[in-house]
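Everything on this sheet refers to the single structure shown next.
The values are calculated or read from the model by the stated rules, or taken from the named source; none is laboratory data. All values reported here derive from a predicted model rather than from experimental measurement. For neighbour counting, all protein chains shown are included, and Cβ atoms are generated from backbone atoms with ideal geometry for every residue, glycine included. Protein only, heavy atoms only, side chains kept; ligands, DNA and RNA dropped before computing areas. Shrake-Rupley method; radii C 1.70, N 1.55, O 1.52, S 1.80 Å.
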Amino acid sequence: VAPAVAAALPTVWQSRGIGGGGGFFAPSFSPPDPNHVTLTTDMSAMFRSTDLGANWSTVSALEIQANRPSFVRFTSDPLVQYTLDYTTNAGVDSVVPSKSTDGGVTWTPTNDPTSGGSYFLSADPASTQRVIVTSYNTLYFSSNGGTSFSSKYTAATGNGLHVGGAFWDGTTIYVGTNDGLLRSTDNGATFSIAPIGGIAAGQAIVSMAGAKEGGTTRLFALTADAGDVYGGVTVEDLFYSNQDMYVLDVGGSWTLRNTGLSSNASDGLVIVACALNDIDVAYTGGQRSSLGDFPMIYKTTNGGANWASTLTYAGNVNIVTGWGGQNGDRGWSYDGGPTGLAVAPNDSNKLGF
């Protein structure tokens, strides 16, 4: 009997049906290939697609274990990438910056200035060497690919340091934080809050994206009530805050750009994204709680002067849903709002949420 039982044991397992809890976060597009997308979950998995999401493969958990902030940061070399690794270290929860030099197949921790407490990571898409990492209240900068980091800025309040995005523009670096627009004009040697007006008192930057075209550098910033924004705040915690959209053409001041966006107090935008080379087209997303926690995504084609809803979920006119969403096993509900939104760096027509 024993040999027969052994022979019947399965040797290969395949996933069938719906899985457990958790959600998807941190979509990222590769600059040289807009069909190459990565995606993470808060259940530790990192997924990768090379055909714009038609098929996905899982990055080995022996190499990287991801979570909400584990955006894959692509660089000028497709083989060199950075992200945050949540792999447990000797039984202790740890979040450290990690680097791949083979296109995301294998990952190795870099130097970690946060002692296992990393919150945000960004890398210069035009370089392989310049990296920003933050802890709960401090921003660190590396100019040598993560071999070493230097402390550059400490949060001004007890709310810690929330970073909503970074835009790299040669020797100038812009970082959107709850303290304001943090800027370096000397290739990362020093950082300070830029004295730029326009954002209403009591508002703090939640999400920021930037683009440069010709001689214009344009930043899009989504703000929320400052008391709701703190180091480590989750996207769901911001769905019900008071948001505004601001646009800055570098050299001027922040300008309020809410025309066309939902004015319903129960609807909350939480993310703004754009390509790196298109200052006219940008997208912002959030949760339309006024309709039962449906997703909402708006698009501008004139630099934020006007916004229009671009996601037609009723009848799945221009969206294909899976297990969740209209015609799925469950409809839109509390998890309807986008927890991630990304635009291909060099193609403003390709985005994912």
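Find how much the distance from Ala8 to Thr58 grows on full extension, using 0.36 nm per residue of separation minus their present alpha carbon separation; answer in nm with one decimal.
15.2 nm
Leaving out ligands, DNA and RNA, and with a 1.4 Å probe, what % of the accessible surface on segment 197-329 is carbon or sulfur?
Values: 2500 of 5330 Å².
That fraction is 47 percent.
Solvent-accessible area per residue for segment 260-324 at a 1.4 Å probe radius, Å²?
39 Å²
Can you give me the three principal axis dimensions of the chain from its C-alpha atoms, in Å, biggest first?
Largest to smallest, the principal-axis extents are 81, 51, 39 Å.
Suppose only helical runs count, i.e. DSSP H with n ≥ 4. What mean residue ellipticity at 222 nm does that imply for the chain under -39500 (n - 2.57) per run, divided by all residues and rounded to the nearest 500 deg cm²/dmol?
After summing the helix terms and dividing by residue count, I get -500 deg cm²/dmol.
Just to verify a number: FRET efficiency for Thr50 and Ala156, C-beta to C-beta distance, R0 = 41 Å, to 0.05?
0.45
Once fully extended, how much extra length lies between Lys350 and Arg16, figured as 0.36 nm per residue of separation less the alpha-carbon to alpha-carbon distance?
117.3 nm
For segment 20-155, what does the accessible surface come to per residue with a 1.4 Å probe? Please give it in Å². Don't jump to the answer; show the numbers that get you there.
Working: 5710 Å² over 136 residues.
Per residue, segment 20-155 has 42 Å² of solvent-accessible surface.
Place a +1 charge on the Cβ of each Lys and Arg in segment 165-293 and a -1 charge on the Cβ of each Asp and Glu, then give the dipole magnitude about the Cα centre in debye, rounded to the nearest 20.
Numbers: 5 positive and 14 negative charges, 44 e Å.
With Lys and Arg at +1 and Asp and Glu at -1, about 220 debye.
Suppose each label sits 7 Å from its Cα in the direction of the beta carbon; what would the Ala314-Ser192 distance come out to in nanometres?
Once both label points are built, they end up 5.3 nm from each other.
Measuring from a point 7 Å past the Cα of Asp102 along Cα-to-C-beta, which residues in segment 42-61 have an amide N at less than 16 Å?
58-61
Just the number, please: carbon plus sulfur as a percent of the accessible area of segment 1-123, 1.4 Å probe, no ligands or DNA/RNA counted.
About 57 percent, which is the carbon plus sulfur part of the accessible surface.
Would segment 56-179 count as rounded, prolate or oblate if I go by the C-alpha gyration tensor, calling it rounded below 1.5 in a/c and otherwise prolate when a/b exceeds b/c, oblate otherwise?
Judged from the Cα gyration tensor, segment 56-179 comes out oblate (a/c at least 1.5, b/c at or above a/b).
Rank Gly23, Asn187, Ser148 by how far each Cα sits towards the positive end of the charge dipole of the chain (+1 on Lys, Arg Cβ; -1 on Asp, Glu Cβ) and give me just the farthest.
Value computed over the given set: Gly23.
What is the magnitude of the charge dipole of the chain about its Cα centre, with +1 placed on the Cβ of each Lys and Arg, -1 on the Cβ of each Asp and Glu, and no other charges, expressed in debye to the nearest 20?
It works out to roughly 160 debye.
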